[in-house]
Amino acid sequence: MFKIRTSKYRHVFCDAPKQESCHTGFRLSTVTGDQQYIKASSKYFAVALFGGGGVVYVGRHDRPGRFIPGSTPTLHGHHGAILDFEWNPFDDSMLATASEDTTIKIWSIPDDWEPIGEKGASKAGSDITESMVDLVGHAKKVNLLRFHPTASNVLASTSSDYTVKLWDVEAAQELTTFDEMQDLCQDIVWDYKGDNYATACKDKRVRFVDARTSKVTAMIEQAHDGTKGVKVVYMGESGKVLTTGHSRGSGREVKIWDLKNLAEPIHKEKIDTAAGVLMPMYDADTNVIYLCGKGDGNIRTCEFEDKKPYFHRLGDGFRSTTALKGVCSVPKRGLDIMKCESARLLKVTNESGIQPLSFFVPRKSDAFQPDIFPNTSSDQPAHSADEWWLGSSKGPELESLNPATRGANQNGVAKKKFHSAATLMSNLKKAETHIKYLEEKLDAADVSYDKWGYKLSPQKPRKTPGSPI
């Protein structure tokens with residue numbers, strides 16, 4: 001008997017954004033590579049600008065308007081073009097940037113950062129030029145960055161030297177290096193708990209790597225037959241992986257694989273015959289997949305289900321004649337939950353700047369809808385970098401999206417606030433001035449005391465996984 005499949009997200013829709021809600025005036029650097037060209041935290045987004053010196057514009061979601069070159073404040077400090085960037089999932093103000101100059105820089109965006117005013121006009125201000133941490137170790141340009149999904153301040157990077165490096169940002173040191181790739185890495189993703197990561201390479205292989213030991217645990221020998229870039233997504237805790245690529249006949253396709261048996265995909269779906277790389281934006285909370293193709297105007301909405309046939313197409317998604325150059329998703333904490341905004345994608349275009357595409361689930365009630373907004377990853381890490389490195393395995397800390405209870409009963413580890421070298425030097429000078437003032441007061445009162453002294457203890461070597469504590 002024929003049965004229509006039901007889904008809470010079957011009728012999800014997205015209207016074309018109004019011009020006043022867009023971010024315009026950019027000349028973006030989107031010439032080479034298969035990067036997303038834009039990344040977002042729940043408060044900010046970042047895009048690389050065309051030109052030398054590695055310039056990045058950091059904008060606020062709530063401040064759309066027109067960027068004016070030479071007037072609007074930007075972030076810069078690299079000696080080469082910036083190829084990728086990544087926001088810390090546990091700190092909306094921490095941005096990592098990867099450059100052609102082989103370095104990775106960690107930046108902190110000030111709390112009062114406002115390059116565009118409330119009325120959409122550019123505001124004068126100081127550029128951000130002082131990074132907090134510099135990570136040096138790659139021999140060639142750094143192409144991709146991915147923060148760890150559950151551990152605090154752990155970052156993965158890929159380079160044209162065919163290596164993947166893991167970094168402890170807090171200690172500013174390298175954790176481990178994976179060097180078994182034979183070609184350029186086109187994508188890297190963490191699994192749900194961050195115990196493993198997957199890399200998609202130009203040699204058509206998808207490697208699954210133990211993050212702590214840097215050993216390959218499984219491999220897809222040929223994910224797709226075509227020569228275009230391959231993208232990978234872990235489907236939550238289901239034990240399944242989704243890949244996008246091209247067939248031998250240059251048709252775009254989606255494949256779903258079972259990690260227990262990677263010999264053949266368990267499902268294959270033909271999408272179309274366009275040439276652009278297909279970038280999947282996966283919402284692990286709702287299992288909805290937004291398929292975004294470079295050069296396309298349309299964004300398709302699909303749904304994953306952990307049983308046959310695994311892949312279901314939803315409604316019309318978003319249709320447009322404006323070509324997409326890059327795209328990213330905004331974390332759930334940055335959405336308008338009470339208006340049933342289930343997802344927001346930032347679409348990079350040539351002519352219309354950056355367009356925020358809000359996807360809504362139609363509901364008549366104005367109350368919080370727990371059935372379409374399950375608990376989501378919070379801004380609290382589940383464990384520290386040291387705990388994770390020594391074997392701790394935890395899923396993300398979850399929180400409710402209900403505005404009435406958001407942030408309650410969080411059990412993650414404490415987050416540390418980073419400061420730039422300039423800020424630390426300024427604070428040190430203030431402290432030294434105050435200490436000198438107090439010492440003069442004590443001297444005037446003829447009070448004996450011990451002078452301040454400073455002694456730096458040597459850094460302890462990091463324990464390796466499995467070593468005695």
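Taken together, the values in this text are just the output of simple stated rules run on the coordinates, not laboratory data. In this text the structure is predicted, and so the values were computed from the model without any measurement. Note: ideal-geometry Cβ built from the backbone for every residue, glycine included; neighbour counts use all protein chains shown.
Over the chain, Cα pairs under 8 Å with separation of 6+ residues give a relative contact order of 13 percent.
Its relative contact order, with pairs defined as Cα atoms under 8 Å and 6+ residues apart, puts the stretch 66-106 at 33 percent. Over the stretch 225-357, the fraction of Cα-Cα pairs per 5 Å bin, rounded to whole percents and listed from the shortest bin up, is 2, 10, 20, 22, 21, 15, 7, 3, 1, 0. Counted without the sites themselves, the longest stretch of the chain free of chymotrypsin sites (Phe, Trp or Tyr not before Pro) in a DSSP loop having at most 15 other beta carbon atoms within 10 Å is 51-448.
Checking the Cα-Cα distances for LYS43/LYS332; LYS308/LYS339; LYS43/LYS140; LYS8/LYS270; LYS105/LYS430; LYS255/LYS308 against a 21 Å cut-off, the pairs over it are LYS308/LYS339; LYS43/LYS140; LYS8/LYS270; LYS105/LYS430. Evaluating kT/(6 pi eta Rh) at 25 °C and 0.890 mPa s, with the Kirkwood radius of the stretch 71-129 over Cα pairs in the Stokes-Einstein relation, gives 193 µm² s⁻¹. Stretching ARG66 away from LEU428 to a fully extended chain increases their span by 126.5 nm, per 0.36 nm per residue minus the current alpha-carbon distance.
Of the GluC sites (Glu not before Pro) in the stretch 255-347, which ones lie in a loop per DSSP and count no more than 14 other C-beta atoms within 10 Å?
Sites meeting the loop and neighbour criteria: GLU305.
Against the set (i) 39; (ii) 55; (iii) 68, the structure's computed percent of Cα pairs over 33 Å apart falls on (i). Spin-label model, SER126 to GLU221: label points 7 Å out along the Cα-to-beta-carbon direction sit 5.9 nm apart.
The calculated FRET efficiency for the pair THR322 and LYS119, based on their C-beta separation and a Förster distance of 30 Å, comes to about 0.75. The length gained on full extension between ASP258 and ILE435, counted as 0.36 nm times the residue separation minus their Cα-Cα distance, comes to 57.4 nm.
Computed from Cα atoms, the angle from the helix 421-444 axis to the main principal axis of the chain rounds to 20 degrees. Summing Cβ point charges (Lys, Arg +1; Asp, Glu -1) relative to the Cα centre of the chain gives a dipole of roughly 1200 debye. Across all C-alpha atoms in the stretch 280-401, the radius of gyration and Dmax reach 16.7, 50 Å.
In the stretch 19-136, Cα pairs under 8 Å separated by at least six residues give a relative contact order of 24 percent.
Please sort by residue number the trypsin sites (Lys or Arg not before Pro) in the stretch 315-378 whose DSSP state is loop and whose Cβ has at most 12 other Cβ atoms within 10 Å.
Numbers: sites: ARG319, LYS325, LYS332, ARG333, LYS339, ARG344, LYS347, ARG363, LYS364; in loops: ARG319, LYS325, ARG363, LYS364.
Within the stretch 315-378, the qualifying trypsin sites (Lys or Arg not before Pro) (loop, at most 12 other Cβ atoms within 10 Å) are ARG319, LYS364.
Once the C-beta distance of LYS339 and ASP112 is scaled by a Förster radius of 35 Å, the resulting FRET efficiency is 0.80 to the nearest 0.05. Helices in the chain, meaning DSSP H runs of at least 4 residues, each add -39500 (n - 2.57). Divided by all residues, the mean residue ellipticity at 222 nm is -2000 deg cm²/dmol.
Looking at the chain, what % of its DSSP beta bridges pair antiparallel, to the nearest 5?
95 percent
Measuring against 29 Å, Cα to Cα, the residue pairs LYS18/LYS204; LYS202/LYS294; LYS202/LYS347; LYS240/LYS294; LYS193/LYS364 contain LYS18/LYS204; LYS193/LYS364 as the ones spanning a longer distance.
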